[in-house]
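Take this structure first; my questions come after.
The values are calculated or read from the model by the stated rules, or taken from the named source; none is laboratory data. Since the structure is predicted, the reported quantities are computational estimates derived from the model, not experimental observations. Cβ: placed from backbone, ideal geometry, glycine included. Neighbour counts: every protein chain shown.
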Amino acid sequence: MRQVTIEPTANEKVMKFVAEYTLVPGSLEFDRSSDVADIPLAQELFKYPFVDKIFITANFIAVAKQDSVEWEHIAESLREVIQDQLLEHPRIYKEKKRELFPIYAEMTPNPAVMKFVSQRYIVEGFLEIKSKDQAAQIPLAQALFDEFTFVKEVFISDNFVAVTKDHSVEWHEVMVPVRSFIADFLQAGNKVSLIAPQKHESPVEQLINRDYTENEQKISEILTEYVSPAVENDGGKISLLEYNAETKTAKMLLQGACSGCPSSTATLKGGIENILKQFLPDMVEKVEAVNG
């Protein structure tokens, strides 16, 4: 039995709980906003709403309480919690696994789409999965559809996964579980796709079996240089689908977060159309969007 004794400190809000051995090299300090996922003792202590801060060093744990309670009512209960935790986790601090795929979440202009970004490449190119029926050859997408019933679409490109949800949930309710699920999937070394991703330089090659005309190539080059970087940063992709010289209309293919986005039409009219008119005034008068 690992005995823990209680010792007052000069600060009346802080009590020391002293063990019979060194608990941790160096020191650890946590408040209620700290990540304590790998410190079970801290998790247990913060279950008590009056615990404000925890400081661990050498052979003791110092607990700072809020003013709402007195030590005489809580010290013994905390001692028992600490004693039980030290029996189960003597070292207190468990070294975290090196995370090969840290993932962070980013909002996109489309409120239904959240972008989950890795610091490493996930695929070279992109994969667009519009429904669960299309996910059989893409294990990451299949896993997302199976795990989360609210997932409607998945778009995987380079170093991010853009997930489209339905209306049954809000992102603030599910963002953390989805982010953790994607990180765990990649960390485990699971295969992302069993098929080759589409290439960025020819995103419509499977939709139209032809080369761009000279005019279409000019439009595509402007999109690539002036539009695509910002769109892809928001988790989407935009490409020229076709150009009608008679009506001077450029038809755009929207994919990822752009597809179905409420702001897509406004963005096209207000931004892309103006850019194309500026650079190609004799060629483009109108831009139309097609959701991929």
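Could you tell me whether Ile61 is at pLDDT below 90, β-branched (Val, Ile, Thr) and farther than 30 Å from Ser168 by Cα?
So Ile61 fails the test.
Consider only pairs whose beta carbons are under 9 Å apart and that are at least six residues apart or on different chains; among these, list those whose first residue lies in region 176-197 and is closer than 14 Å to Arg120 by Cβ and whose second residue is part of a loop (DSSP other than H, G, I, E, B) and not hydrophobic (A, V, I, L, M, F, W, C).
Sorted first by the residue in region 176-197, then by its partner, the pairs are Ala183/Glu99; Ala183/Pro102; Leu186/Arg120; Gln187/Lys97; Gln187/Glu99.
Still on this model: Quickly run through region 131-184 and pick out the residues that are among the charged types (D, E, K, R) and under 14 Å from Met114 (Cα atoms). Explain how you work it out, then say what you get.
First, pick out the residues of region 131-184 that are among the charged types (D, E, K, R): 132-133, 146-147, 152-153, 158, 165-166, 170, 173, 179, 184.
Hits for region 131-184 are Lys152, Glu153, Lys165, Asp166, Glu170, Glu173, Arg179.
Conditions tested, residue by residue: (1) over 27 Å from Met175 (Cβ atoms); (2) at pLDDT below 90.
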| position | (1), (2) |
| --- | --- |
| Met1 | yes, yes |
| Glu7 | yes, no |
| Glu12 | yes, no |
| Glu88 | yes, yes |
| Lys94 | no, yes |
| Pro102 | no, yes |
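Before we move on, is Leu144 at pLDDT 95 or above and either surrounded by 14 or more Cβ atoms within 10 Å (Cβ to Cβ) or not assigned by TED's automatic domain parsing to the domain that holds Pro109 (or both)?
Details: at pLDDT 95 or above: yes; either surrounded by 14 or more Cβ atoms within 10 Å (Cβ to Cβ) or not assigned by TED's automatic domain parsing to the domain that holds Pro109 (or both): yes.
Taking the combined requirement at face value, the residue satisfies it.
Among the residues of region 1-56, which ones are of a type in the set (A, V, I, L, M, F, W, C), closer than 30 Å to Pro177 by Cβ and assigned to a loop (DSSP other than H, G, I, E, B)?
Val36, Ala37, Ile39, Phe46, Phe50
Let me ask something else about it. Select from region 120-152 the residues that are assigned to a helix (DSSP H, G or I) and out of contact with any strand residue (DSSP E or B) (no Cβ under 9 Å at 6 or more places or on another chain) and write down the one among them that is farthest from Val174 (Cα to Cα). Quick ask: steps written out before the conclusion?
Going residue by residue through region 120-152, those that are assigned to a helix (DSSP H, G or I) are 132-134, 139-147.
From what is left, the residues that are out of contact with any strand residue (DSSP E or B) (no Cβ under 9 Å at 6 or more places or on another chain) are 133, 139, 143, 146-147.
On the way: Asp133: 23, Pro139: 20, Ala143: 16, Asp146: 15, Glu147: 12 Å.
Checked region 120-152; the qualifying residue farthest from Val174 (Cα to Cα) is Asp133.
Evaluate the following for Glu201: is it more than 24 Å from the chain's Cα centre (by Cα), buried (at least 17 other Cβ atoms within 10 Å of the Cβ), at pLDDT below 85 and over 22 Å from Pro111 (Cβ atoms)? Steps first, answer last, please.
Values: more than 24 Å from the chain's Cα centre (by Cα): yes; buried (at least 17 other Cβ atoms within 10 Å of the Cβ): no; at pLDDT below 85: yes; over 22 Å from Pro111 (Cβ atoms): yes.
Spelling it out, it is not the case that Glu201 is more than 24 Å from the chain's Cα centre (by Cα), buried (at least 17 other Cβ atoms within 10 Å of the Cβ), at pLDDT below 85 and over 22 Å from Pro111 (Cβ atoms).
Now a separate question. Being at pLDDT 85 or above, over 23 Å from the mean Cα position of the chain (by Cα) and not assigned by TED's automatic domain parsing to the domain that holds Glu128, is that true of even one residue in region 226-240?
The answer is no; no qualifying residue exists.
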